[in-house]
1. Is it fair to say residue 442 is assigned by TED's automatic domain parsing to the domain that holds residue 543, at pLDDT 80 or above, within 30 Å of residue 212 (Cβ to Cβ) and touching a strand residue (DSSP E or B) at 6+ places or on another chain (Cβ under 8 Å)?
2. Quick check on segment 143-158. Is at least one of its residues buried (at least 16 other Cβ atoms within 10 Å of the Cβ), modelled with pLDDT of 90 or more and assigned to a strand (DSSP E or B)?
3. On the given criteria, is residue 315 buried (at least 16 other Cβ atoms within 10 Å of the Cβ), at pLDDT 85 or above and either in contact with a strand residue (DSSP E or B) (Cβ under 9 Å, 6 or more places away or on another chain) or under 15 Å from residue 250 (Cα atoms) (or both)?
4. Quick check, is residue 573 at pLDDT below 85, surrounded by fewer than 22 Cβ atoms within 10 Å (Cβ to Cβ), in the same structural domain as residue 441 (by TED's automatic domain parsing) and not in a helix (DSSP H, G or I)?
5. Can you name every residue in segment 416-431 that is in contact (Cβ under 8 Å) with a residue 40 or more places away in the chain and not in a strand (DSSP E or B)?
6. Given the criteria at pLDDT below 95, in contact with a strand residue (DSSP E or B) (Cβ under 9 Å, 6 or more places away or on another chain) and in the same structural domain as residue 37 (by TED's automatic domain parsing), does residue 127 qualify?
7. Go through (1) within 31 Å of the chain's Cα centre (by Cα); (2) closer than 28 Å to residue 63 by Cα one by one and return the number of the condition residue 147 breaks.
8. Which members of segment 549-567 meet the condition of being in a loop (DSSP other than H, G, I, E, B) and free of Cβ contacts under 8 Å to residues at least 60 places away in the same chain?
């Protein structure tokens, strides 16, 4: 048999991954204790201190001492209880695991007791048990996390990153339990104070802002014993909300493969190949779901996964088609409902198109016009013959153009540009070309003072807690590229100016893309990796929101592309142009 302190340290490797894991376990304990208010406080991203105080049922002295033993705080009394778990915690490993890798203090009192109990544990060793004066409830203070596990402490990230993970865990549990009051303090600053007995819509507004709430559609559906509720981002938003998807199963933040399949099947992809933001609550009898399948309880399994999938697909489909739910959450009446996306919308669009092509209903002399059986084909006016555009190259110029001259020919219905050059025919992807042009101009911003466009009215952009921390850590690099922004409240930036190149793009879209790419790109040492990554993010946002090209705009785009150092591929390595030489054309057409 392993000694108790060794077993606890092994368990801590699974239960306690980082400071946010401590917050998660302690907040879940407070919720299970029937707390009406929960106060969370962290210092230095949770490395120095994680404190969670609640006004729940509290513990007696004997129970408080016993809670340091493994499985002592488990909610399971019999093997049959495993089949119907309705509490957030049930294994009884969190408290002893946390106490084994930190300087742990527990202060608790029941409402019917005259005095409370204070217990102190130093790295798994019980140091003190004494009486204490305290309010009803429990206060847990975790100091110097991983003080006796230096290898684990060394791999913790920067304070801002760990703080972002703590905010994310806090937001998830506050979102799942709007009936409980929550507060969060970071380094002595109170960031959140959420009132108890809130509705779900109020809690979403308090956490993510009114703009986020107004961009959501209500999801509601029921199938047998399965009840689906929550919100989904309205399709077609020009400014993305965030790419987070929150899923709760019986009030527990968790997910399952069947849920991911349903979301991918129903939710349309939006700009940047991303899924819409969702907040979904799935409620079903505890006996129909198994929550004991993952060490950190992140994943669950359903006894009838097909029924859950069908219920999700039906509820989400009804919300997105406009025939179910309550329409946009922020709408003030029926006029705020989302336009249907089904057959009615297609028929309306077809009727408008036919009206536009058929012309007026009467002729000029007043006689009724004949209604054609089919719309007449529209013949475009003959275009003037394009003139070749030559580049005036300097004799000593270090750059070489891809060609000496080019002639713009046409733009295909799919958006590709066709040009003729002195050596052959070139097909250009304008989206990739814009991305390359924007990337090189942004990367050259550090060599000179960037040209900025001041916003007439400064914009505020609210991000998720983790995304906010990532962007804040890269503020100097973002500002060097021409952005003027500063922190403006919790998880919010105020944008006063943007680079003139991307003046037509919403700042919220740019910052969301930067945060997502910083998360996917990780961190590296040396070089200009952060500047390159952010420049790629901004360039992709700019290219994705550019308007349709006119003939003059297409010519100007090709000219700007030819001035780039690497005009052949975009920053992500995708082809910008495909060149077919005259010799290759002659060979294919068997021309001598």
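The values are calculated or read from the model by the stated rules, or taken from the named source; none is laboratory data. For clarity, every value in this text was computed on a predicted model and none was experimentally measured. Note that we place each Cβ from the backbone using ideal geometry, even for glycine, and neighbour counts take in every protein chain shown.
1. Yes; evaluated as a whole, the condition is true for this residue.
2. Yes: segment 143-158 contains one or more residues that are buried (at least 16 other Cβ atoms within 10 Å of the Cβ), modelled with pLDDT of 90 or more and assigned to a strand (DSSP E or B).
3. Yes: the conditions hold for residue 315.
4. No, not satisfied.
5. 423, 429, 430, 431
6. Yes, satisfied.
7. Status for residue 147: all satisfied but (1).
8. The answer is 550, and nothing else.
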